[in-house]
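Computed from the coordinates by the stated procedures, all read-outs in this text should not be read as laboratory data. What you see is a predicted model; the values in this text were computed from it and never measured. All Cβ positions, even for glycine, are placed from backbone atoms using ideal geometry, and neighbour counts span all protein chains on display.
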Amino acid sequence: MTPELVIFDCDGVLVDSEGPLAELAVEDLAGHGFVVEAEDFHDRFVGGTLVDVERRLREAGAALPEGWCDALYLKVFDRMDEGVPVSAGVAELLDWIEAQGAQVAVASNGPMRKMQGSLGASGLFARLGSRLFSAHDHGTAKPEPGLLLKAAEAAGVAPGACVMVDDSPVGAAAAEAAGMRFFGYVEHGNGAKMEALGVPLVRSMAELRAGLEGLGLG
C-alpha cells in the first residue's frame, strides 16, 4: 500500500536534540549525587516519557526530590528555546512528501512546549501546527499505539497506509502495535539499539526518501 501519511518523531529525528538533552539531565543528576556519563544515560534511560525515565532512575538508585520531572522540564524548555540543530534536508523532504499527495505529522512523547522550542526557530512548529501530537495532550504515549492512531485518525488515513519514523525502540513498538510500517532513523545515534530490533534503518533524510520511494511513494 502506497504511504498516505508519514509520522515523524521529534527528538533525534526532525532535530538533533538528544545529545543536549542528555547533557542537561546528566548535569542535573550530578547535583543530586547521581553520577552518570551522557552516553551511558542515553543508552540506559532515554526512551518513553520523562516520567518513565524518572522511574528507572529511582530504580537505579538516584535520590531525586519530589517534583524532579517538572523541574527538569523547565530546564529543558529553556535549553530548547536556545535552539538545536535541525536534521539536514527535513524541510525539503516534507515538501517532497506533500508534493506526492501524502500527508505528514509528528508524534512525540514530549510536551508541546518542548516541541515549540525545538521546532520553533526553523519554522517547523508553525508549519506543522495541528499535525503535532504530544503524549502529554492525548494521554497515551509510545510504546502504546494510541498517539500514532490519533495522528492517523486526524489525517483520515488507515494505519496500514501510514509510515512511522522514529529513533527509539518505543517508537518501533508503537508502530508495530498500530499496524504501521516503520523506519528507524539513526543519523544522530541509537544505531546498535535499533539494528538489534531488525527494523529498516535510514541514516539521513535522503535515505528516508529513498526508503519511502521503495514503498511506492513518488
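So here's what we get for this one:
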read-out	value
Calculated SAXS-style log₁₀ I(q)/I(0) at q = 0.11 Å⁻¹ - the chain, Debye, Cα scatterers	-0.50
GNM result for the chain, Cα springs below 10 Å: residue of His188, His138, His42 fluctuating most strongly	His138
Karplus-derived 3J(HN,Hα), 6.51/-1.76/1.60, for each residue of the stretch 111-124, Hz, glycine and proline x	x, 4, 4, 5, 5, 4, x, 6, 9, x, 4, 7, x, 5
In order through the stretch 14-27: 3J(HN,Hα) via Karplus (6.51 cos²θ - 1.76 cosθ + 1.60), integer Hz, x for Gly, Pro	5, 10, 8, 10, 4, x, x, 5, 5, 4, 4, 5, 5, 4
Distance between modelled label sites at Asp40 and Asp95, nm, 7 Å Cα→Cβ extension	4.5
Volume per residue of the C-alpha convex hull in the stretch 1-127, rounded to whole Å³	113
Within the chain, helix-based [θ] at 222 nm, where runs of 4 or more DSSP H residues each add -39,500 (n - 2.57), nearest 500	-14000 deg cm²/dmol
R0 of 25 Å, Cβ-Cβ distance Asp28-Met112: FRET efficiency to nearest 0.05	0.70
Rg and Dmax of the stretch 1-70, Cα atoms only, in Å	14.8, 52
Between 0 and 90°, nearest 10: helix 169-178 axis offset from the chain longest Cα axis	40
10 Å Cβ shell holding at most 16 others, DSSP loop, GluC sites (Glu not before Pro): longest site-free stretch of the chain	83-218
Which of Gln100, Met115, Ala141, positive extreme of dipole for the stretch 80-150 (C-beta unit charges)	Ala141
For the stretch 60-74, 3J(HN,Hα) per residue [Karplus equation, 6.51 cos²θ - 1.76 cosθ + 1.60, θ = phi - 60°, Hz, x = Gly/Pro]	7, x, 6, 8, 9, x, 4, x, 4, 4, 5, 5, 5, 4, 4
The stretch 122-208, Rg to Rh (Cα coordinates; Rh as Kirkwood inverse mean 1/r)	0.97
